[in-house]
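What follows is calculated from the coordinates using simple rules that are stated; it is not laboratory data. It should be emphasised that the depicted structure is a prediction, and the values quoted were computed from it without experimental measurement. As a convention, Cβ positions derive from the backbone with ideal geometry for all residues, glycine included, and neighbour counts pool all protein chains shown.
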Amino acid sequence: MSAPRRTPRRRPVTVVAALATAVALTGTLTAARAAPAPASGSGQPPREPVATGYGGAVASVSPDATQTGLDVLKHGGNAVDAAVATAAALGVVEPYSAGIGGGGFFVYYNARTHKVSTIDGRESGPAAMTTNWFIDPATGKPLSFTDAVNSGLSVGVPGTLKTWTTALDDWGTISLKKALQGGIDIASNGFVVDPTFNSFTAMNQARFSQIAPTAQLFLPNGAAPPVGSVFKNPDLANTYKLLAEEGPGLFYGGELGQEVANTSQHPPTIPNPTMNFRPGQLTAADIAGYTAPVQAPTHVDYKGLDVYSIAPPSSGGTTVGEALNILSNFDVDPGDQVQALHLYDEASKIAFADRNRWVGDANFNDVPTEQLTSKVYGKDRACLISPTSTLAAPVAPGNPFAPGGGTQCPSTAPTGTSYADTEGLSTTHLVTADKWGDVVSYTLTIEQTGGSAMTVPGRGFLLNNEMTDFDFTPLFPGVPDPNLPAAFKRPRSAMSPTIVLKDGRPFIAVGSPGGATIITTVLQILVNRLDLGMNLEQAIAAPRASQRNAASTFAEPAFLNLPEIPGLEALGEKFTLVPPSGTPTPEIGAATGLEFLPNGAVEAAAEPARRGGGAAAVVHPVR
Ligand code: GLU
């Protein structure tokens, strides 16, 4: 236990809520009592899910990270500076979701030029990567997902640090050193373990205990740090300090990159591990050659609004965009919630059929980004939807290269090939805005919660397992799969950091974690906000369902209790409770967002409950 890092601002309600969640998590009051409460005077920043005001805003899943971004804004930094600082803090307090061992996608609205730009900070495959990367040479069969995740094979070249330096160099005003300072302070002084951090550690105990530096750091007494204890990461503080002094060359072309490569090639297991961590072939040269290109966003016009998101290698922008284009052919009427939810599910189902068939790294495939986000293609695909029945899933993909999108209507199209994504609660999304009107929407990840489980020895951060986002074998027999592994290729993502403009000015920024459910979460929040009359706070809090071209739609418990469920079932829709993912209640996503209000104020919003609730803050709050 150590002294807290911030001036006292703790509100008793936070502790009560934390203990209540701890009870729910452990199922016993005894366990909750056993968890020591934060030391008196410990200065946790507030965990408010909504804040409205002026002068700039931040929302993330973590009060510490949000406070870090807010501090940067208060000291004159812009939205990009605040985003990088918030992300660096998330690398400390959310080390299982994000950090310099991972990658992500950054979307930026520049208030001076009124342009939206993006950075592709996705991990890339090693030079040695081949199509058979995840085929076990001993059996000729694909590795199990678990075996692949827990291996050096799953580690791609991390893109997060390059994303930060690209963003700061191109659009920021502060140095990397300044941007990392908040993270350094938290890592040095510690943060209070909340139920989410505790449960995510416990969930990973079996594999973390196999990797010596991971067990040493995250299982300090052989177990997850208890709720309410203070967790420090001096190794990460030192790593950030070194990067602050020496710059990103330490990682991309330097000693730290070499250590990342060594860790992937020689997984630092305990003696006689009971799990087989296969070695990878990531090299220091792979890391030295990495770039995080600035690239154009995807764009669709939805009912007069300009929706910008991420182009391939993410499928986020094309899939959310296609679904919106499909929906724009219908009247999504808040007065008929059954029909509105039916349209949302069906549009998502069709867009996922196309996503799975067509989207991968555009440097390796002819990805029809323009066509998938076109109004014409959306209209072609919309003809499959009936207001009185549900499409049999999996729906076949269309052909965006063919006239009419290759869609046969009425819906006599053959059914497609089933495809199951592995979903988790990993990854994290943050949004920032500044007093000049710049906006950032940034999703970052190390893929699974806890990534590859491999901590770089002595450096305090986990390596990603992003390469497992590739398809291990071709998905569609006889049809090219755009998402097979290859040297230097980036695996398809679902991350969908989004910025919506109205009359050319920021209106909404939103994003979420959740694997492929990221797409449906962002889509559902947009539909809730833009079509169903909810404000942003309600749109984020509302119960979620995720239809990804499967026979049944995954849904949260609260969604299954909606009064609309019988009506949806009467149309032929089927629902399944979403599988548990380490939190007390099965849940989908953990969104954050911003809305720019007509009076010039900004509303920052985070989850009120999912993942224990997020933290929103503004520079000058108004009541
Ligand atoms: N690796 C996933 C993607 O890029 C994100 C992981 C998650 O959110 O669970 O789509």
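Quick look at the numbers
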{"item": "Total formal charge among the other residues, if their Cβ is under 10 angstrom from that of Leu143, Lys/Arg +1 and Asp/Glu -1", "result": "0"}
{"item": "Amide N proximity, the stretch 283-314 versus Asp503 label position 7 Å along Cα-to-Cβ, cut-off under 15 Å", "result": "304-306"}
{"item": "Alpha-carbon Rg/Rh ratio, for the stretch 453-547, with Rh computed the Kirkwood way", "result": "1.10"}
{"item": "Cβ charges +1 (Lys, Arg) and -1 (Asp, Glu), total dipole of the stretch 179-335, debye", "result": "560 debye"}
{"item": "Ascending count of other beta-carbon atoms within 10 Å, so fewest first, for Val359, Val294", "result": "Val294, Val359"}
{"item": "Dipole of the stretch 144-216, positive direction: furthest Cα of Ala179, Gly159, Pro213, with charges on the beta-carbon", "result": "Pro213"}
{"item": "Residue-by-residue Karplus 3J(HN,Hα) for the stretch 462-477, coefficients 6.51, -1.76, 1.60, Hz, glycine and proline x", "result": "8, 8, 5, 10, 5, 5, 6, 7, 6, 6, 6, 9, x, 6, 10, x"}
{"item": "Dipole moment magnitude, nearest 20 debye, the chain about Cα centre, only Lys, Arg, Asp, Glu C-beta charged", "result": "1140 debye"}
{"item": "Derived scalar couplings ³J(HN,Hα) [the stretch 58-75; Karplus, 6.51 cos²θ - 1.76 cosθ + 1.60; whole Hz; x for Gly, Pro]", "result": "9, 9, 8, 7, 10, x, 5, 5, 4, 4, 4, x, 4, 4, 5, 4, 5, 8"}
{"item": "Residues Lys574 and Ala138, FRET efficiency given R0 of 25 Å [Cβ-Cβ distance, rounded to 0.05]", "result": "0.05"}
{"item": "Per-bin percent of Cα-Cα distances, the stretch 134-214 [10 Å]", "result": "13, 25, 32, 22, 8, 0"}
{"item": "Entries in Lys162/Lys379; Lys115/Lys303; Lys115/Lys379; Lys115/Lys375 that, when Cα-Cα distance is taken, lie over 31 Å", "result": "Lys162/Lys379"}
{"item": "Ordering of 381-389, 186-194 by packing [mean C-beta count within 10 Å, highest first]", "result": "186-194, 381-389"}
{"item": "Separation of the Gln205 and Thr146 label points, Cα + 7 Å toward Cβ, nm", "result": "1.6 nm"}
{"item": "Nonlocal amide H pairs with Thr269, under 5 Å, H built at 1.01 Å", "result": "Ala212"}
{"item": "Least to most buried among Phe330, Phe401 (fewest other Cβ within 10 Å first)", "result": "Phe401, Phe330"}
{"item": "Charge dipole (the chain, unit charges on Cβ, about Cα centre) - positive-most of Thr445, Val338, Val294", "result": "Thr445"}
{"item": "Mean separation of Cα contacts under 8 Å, 6 or more apart, over the residue count of the stretch 190-268: relative contact order %", "result": "32 percent"}
{"item": "Contact order relative to length of the chain, as percent, for alpha carbon pairs under 8 angstrom and 6 or more apart", "result": "23 percent"}
{"item": "Long-range HN-HN contacts of Phe106 with modeled amide H, under 5 Å", "result": "Ile119, Gly121"}
{"item": "Under 5 Å, built H, 5+ apart or other chain: amide partners of Ser512", "result": "Ser496"}
{"item": "Options Met495, Leu560, Leu526, ranked by Cα towards positive dipole end of the stretch 454-566, top entry (Cβ charges)", "result": "Met495"}
{"item": "For the chain, convex hull volume per residue from C-alpha positions, Å³", "result": "139 Å³"}
{"item": "Charged-residue dipole, Cβ positions (Lys, Arg, Asp, Glu), the stretch 439-528 about Cα centre, Debye nearest 20", "result": "260 debye"}
{"item": "Per-residue HN-Hα couplings for the stretch 556-569 [Karplus 6.51, -1.76, 1.60; θ = phi - 60°; Hz; x = Gly/Pro]", "result": "6, x, 5, 5, 5, 8, 5, x, 7, 4, x, x, 5, 5"}
{"item": "Peptides ranked, highest mean first, by Cβ atoms within 10 Å: ranges 370-380, 582-592, 470-480, 516-526", "result": "516-526, 582-592, 370-380, 470-480"}
{"item": "Distribution of pairwise C-alpha distances over the stretch 472-623, 5 Å bins, in %", "result": "2, 8, 15, 18, 17, 14, 11, 9, 4, 2, 1, 0, 0"}
{"item": "Residue exposure sequence - Tyr96, Tyr290 - by fewest surrounding Cβ within 10 Å", "result": "Tyr290, Tyr96"}
{"item": "Percent of C-alpha pairs per 5 Å bin, the stretch 117-156, short to long", "result": "5, 21, 25, 22, 12, 7, 5, 2, 1, 0"}
{"item": "Stokes-Einstein D (µm²/s) once Rh is taken as the Kirkwood radius of the stretch 547-623 over alpha-carbon pairs, at 4 °C in 1.567 mPa s", "result": "85 µm²/s"}
